[in-house]
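All remarks here apply to the structure that follows.
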Amino acid sequence: MQDVEPGGRPYIYNKTTQKTSVLFDHYSGGSFYGWHPDGRHFLFWIDGVGLMLIDPENLETMTLDYPSGPVQGAAISPDGLTVAYIPENPPLSSAVWFVSTAGSDAKLQFDAGGSPYLYPTAWSPDNTHLLYLGSCSEPGTKKEEGISGPLCVFDTKTQQPQGLTLPYAGFAPVWSPDGQYIAATGATPGEQQCNEKGIPESDQEKCLYQGRSIYVIDMNTGAAIA
């Protein structure tokens, strides 16, 4: 499976035949949100159709029960039982929902704040925490009193968010296999970020990473080391 940008189409590469084929060419595109742990299905949002688990060999689909419309990221839990996603739907367009991979029991979990996003790498290895971009304010607190974010961890047991100390969060954060650390990008202190306007196309990729560093966050202490 090749990764796709939002609005793109998924491609499957067969290592045996060494052929690449496009899926769903009769749809307007969508977004790829990762493989199911069974290695036989992948999570894909099809524009105008819905969020579904798909078997790439026979194209059988399991449509998940969720509010219709676009999604701002989705992720399958490591145990393969739950999909977390953020739909762009009123009345709460910034809410994180959980739905069973059996395709039922969609339930709202919490409000992730303004302009939230879920990466496919969101779940901790033990299925107990969820990384997201958004607001880390605790329920019942004023906005200015809440945790700042914008990279947050939601504890599925306590139902509480925690803000991670980063000068900036971008790109997909990644959990360590033991769940103790998170690797994420952040702004490099004292270094100005690049402005892409007016620079040659050959330098745009270099500009994308200028002024950013990789941070490792210890979940036991909350400390972030560049």
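The values are calculated or read from the model by the stated rules, or taken from the named source; none is laboratory data. Worth saying up front: this structure is predicted, and the values here are computed from it rather than measured. No Cβ is skipped: glycine too gets one built from the backbone with ideal geometry, and neighbour counts run over all protein chains shown. To get the accessible areas, we keep the full protein, side chains included, count just its heavy atoms, and leave off ligands, DNA and RNA. Shrake-Rupley method; radii C 1.70, N 1.55, O 1.52, S 1.80 Å.
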Inset, instruction - Kindly indicate whether any position in the stretch 82-92 is at pLDDT 80 or above, over 26 Å from Phe110 (Cβ atoms) and among the polar types (S, T, N, Q). - result: no
Inset, instruction - Of all residues in the stretch 60-81, count the ones that are farther than 15 Å from Phe44 by Cβ and at pLDDT 90 or above. - result: 5
Legend entry - Inter-residue pairs, beta-carbon under 9 Å, first open to solvent by 50 Å² or more (accessible area, probe 1.4 Å) and in the stretch 30-42, second of a type in the set (Phe, Trp, Tyr), 6+ apart: Trp35/Phe42; His41/Trp35
Legend entry - Hits in the stretch 89-130 (condition: touching a residue at least 24 places away in the same chain (Cβ under 8 Å) and of a type in the set (Phe, Trp, Tyr)): Trp97, Phe110, Tyr117, Tyr119, Trp123
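This table checks each residue for (1) more than 12 Å from the chain's Cα centre (by Cα); (2) within 25 Å of Gly170 (Cα to Cα).
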site: Ala75; (1), (2): no, yes
site: Asp79; (1), (2): yes, no
site: Tyr85; (1), (2): no, yes
site: Trp97; (1), (2): yes, yes
site: Phe110; (1), (2): yes, yes
site: Tyr119; (1), (2): no, yes
Legend entry - Every residue from the stretch 106-133 that is modelled with pLDDT of 85 or more and assigned to a loop (DSSP other than H, G, I, E, B): Ala106, Ala112, Pro116, Tyr119, Pro120, Thr121, Ala122, Ser124, Pro125, Asp126, Asn127, Thr128
Inset, instruction - May I ask you to say which residue of Thr165, Thr158 is on the phi < 0 side of the Ramachandran plot, surrounded by fewer than 21 Cβ atoms within 10 Å (Cβ to Cβ), at pLDDT 90 or above and outside any strand (DSSP E or B)? - result: Thr158
